[in-house]
Amino acid sequence: MLQIAKQLKYWSEQYYNGTPEITNEEYDAVEQIHGQMILGLGDVPHAYRMFSLKKHYDKDGTPPVSGNLVASVKLDGAAVALTYVKGILVRALTRGDGIKGACITRNAKLLRGVPHKLETDEPLLQITGEVVALSTVDNSRNYASGALKQLNEISFIQRRDAGSMRFIAYNAQARCNIWGLEDTYTKDLETLINLGFDVVTSDLGEYPTDGTVLRLDSNSVFNHMGFTDKFPRGAYAHKEEQEYVTTTLVSVEWNTGKSGKVTPIAILEPVLIGEANVSRATLNNIEYIEALNLEIGCTVKVIRAGEIIPSIIGRLD
């Protein structure tokens, strides 16, 4: 924390001397990080927003992105953002809603694949990646996510070692709304390796995956394509069609979360998926219901998304 305070003072002096090293936005972001660390807040804003990836299945036809693409595995773990100020790791956050995340800095510093100091001149650097546990661990995604939130250090270390947890990097940002450090994504991954990170193009056979990520190699083209509210337009996740079971949509319940958000839940005729007896499934929102043309009494196709969460993917009749 003292290191950040000294850096802020230095940048402030540069600004008033007419020789600023960073932009006002970058200074504000670091100042905000410093304030949050002092206050010890729970969910706090990311330095740069974290996005999801648009999913694409073979049945969807033409892929959403074409051109010179780089393929990498889509890891099935807990997304995490690491924030470095002048190369010093100052904060680690879970993905949260992509705008804010929970602070897990202490545990992140104990993970394999998380350097505490980088040889870089970037004033503010965010490295995003996935914390994964071995595929042999039951519900490995939930295992990794739950371990990161452990408040007891000894408990975290025990779970870290039992699951052979590690951080795998897949993206770097040093400027707001601009992804990448080099001119291509391929060079970005090489830079991350040189900085001491494991990356998504490494040999990761012992860790769980959930499809393939395809991303434009040119960072300038990628950034020029921009973003939707949820996804970058220059990348997508290709996923295999999951086997589904069929059942009847009996009714729909509307649940109100702590934030006040209302979410529809499908009540189903009980059906066995794998070893689980499923009678409820997520419906996301009213737009999702309308897009699938769902009606009470219709036959629906149900999967366990990520082998965990029951989800309706379509109507059969």
Out of the DSSP beta bridges found with both residues in the chain, what percent are antiparallel (nearest 5)? 90 percent
Residues whose built amide H sits under 5 Å from the amide H of D76, excluding neighbours closer than 5 in sequence, are T209, D210
If you average the sequence gap of Cα pairs under 8 Å that are 6 or more apart and divide by the length of the chain, what percent do you get for the contact order? 16 percent
Prolate/oblate/rounded call for the chain, Cα gyration tensor, a/c under 1.5 rounded: prolate
Over the range 72-229, calculate the relative contact order: mean separation of alpha carbon pairs under 8 Å at least 6 apart, over the residue count, as a percent. 28 percent
As I understand it, the value is the acute angle between the Cα axis of helix 185-194 and the longest principal axis of the Cα atoms of the chain; what does it come to in degrees, rounded to 10? 60 degrees
For the range 50-184, just say rounded, prolate or oblate: build the C-alpha gyration tensor, square-root its eigenvalues into a ≥ b ≥ c, call rounded for a/c under 1.5, and beyond that prolate if a/b exceeds b/c, oblate if not. oblate
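Longest exposed-loop-site-free stretch of the chain, with GluC sites (Glu not before Pro), DSSP loop and at most 16 other Cβ within 10 Å?
Excluding the exposed sites themselves, the longest stretch runs over 22-118.
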Amide H neighbours of C298 under 5 Å, counting only residues 5+ apart in sequence or on other chains, H built in-plane at 1.01 Å? L249
The long-range amide H neighbours of V252, using H built 1.01 Å from N in the peptide plane and a cut-off of under 5 Å, are I267
For the pairs K230/K301; K74/K100; K230/K261; K74/K261; K187/K239; K74/K239, flag any whose C-alpha to C-alpha distance is greater than 19 Å. K230/K301; K74/K100; K74/K261; K187/K239
Where trypsin sites (Lys or Arg not before Pro) in DSSP loops with at most 10 other Cβ within 10 Å are excluded, longest remaining stretch of the chain: 1-229
Percent of alpha carbon pairs in the range 183-252 separated by more than 16 Å? 67 percent
Compare W179, W254, W11 by solvent-accessible area with a 1.4 Å probe and give them largest first, with all protein chains kept in place. W254, W179, W11
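Using unit Cβ charges (K, R positive; D, E negative) and no other charged atoms, how large, in debye to the nearest 20, is the dipole of the chain about its Cα centre?
720 debye
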Cα gyration tensor of the range 234-316, axes a ≥ b ≥ c as square roots of the eigenvalues: rounded (a/c below 1.5), prolate (a/b > b/c) or oblate? rounded
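The values are calculated or read from the model by the stated rules, or taken from the named source; none is laboratory data. None of the values given here were measured: they were computed from a predicted structure. Virtual Cβ from ideal backbone geometry, glycine too; neighbours counted across all protein chains shown. Calculation scope for accessible area: heavy atoms of the full protein, side chains included, ligands and nucleic acids excluded. Shrake-Rupley method; radii C 1.70, N 1.55, O 1.52, S 1.80 Å.
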